[in-house]
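To keep things clear, I will list the structure first and then write my remarks on it.
The values are calculated or read from the model by the stated rules, or taken from the named source; none is laboratory data. Bear in mind that the values here come from a model prediction, so they are computed numbers and not experimental data. Positions of Cβ are backbone-derived with ideal geometry, glycine not excepted, and every protein chain shown enters the neighbour counts. All accessible areas refer to the heavy atoms of the entire protein, side chains included, with ligands and DNA or RNA removed. Shrake-Rupley method; radii C 1.70, N 1.55, O 1.52, S 1.80 Å.
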Amino acid sequence: MTDGLKRTWAELVQPLLRRPRRLQVAALCYRDNTQGKEVLLITSRGTGRWIVPKGWPIDGLNAIEAALQEAWEEAGVKAFAHTAEPVGSFEYEKWIDAGYETPVEAHVFKVKVDELEDSYPEVGERKRQWFSPAEAANLVNEPGLRDILRQI
């Protein structure tokens, strides 16, 4: 490759291909029991891999409120905003239905579960299960989320 082509690639083409990271909010739902903390994981709709409830920001809601809304829709979690606290963020590549991946940074809020409902919007689309934080860390694919789970 000539120097001119290399420079064109590096200065013009690569920046066009790089997309800025989009923001999502995530809820790390937990409960305390006699053995310690447990965290709630759900399966993704597409691949069935274990994840935490997460989604795009919602107009009219702050980040914590949007994370709580995602926890309700995806896992049936009832919790109040005062029980949520930020615990970190992780990055991953999200597959978009339009046929491409986009880089995402998910801001994670620790949410103490007040109630777990049996009927919620995505009940037929996902499984949910309680795990110890160590078990959960071993089940998720995202290294940054693993780190957050290991620190709970």
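Assorted remarks:
- Selection from Ala137, Phe80, Ala67, by position along the positive dipole direction of the stretch 63-146 (Cβ): Ala137
- For the chain, the relative contact order comes to 28 percent (Cα pairs under 8 Å, sequence separation of at least 6).
- Each of Lys127, Lys112 has its accessible area taken with a 1.4 Å probe; listed largest first, they run Lys127, Lys112.
- Descending by average beta-carbon neighbour count within 10 Å, the peptides 94-105, 21-32, 64-75 line up as 64-75, 21-32, 94-105, the highest first.
- The stretch 40-152: translational diffusion in µm²/s, Stokes-Einstein, Kirkwood Rh over Cα pairs, 37 °C, 0.692 mPa s: 226 µm²/s
- By accessible area with a 1.4 Å probe, ligands and nucleic acids excluded, highest first: order of His82, His107: His82, His107
- For Lys37, the lysines whose Cα comes closer than 28 Å to its Cα, not counting residues fewer than 8 places off in the same chain, are Lys54, Lys78, Lys110, Lys112, Lys127.
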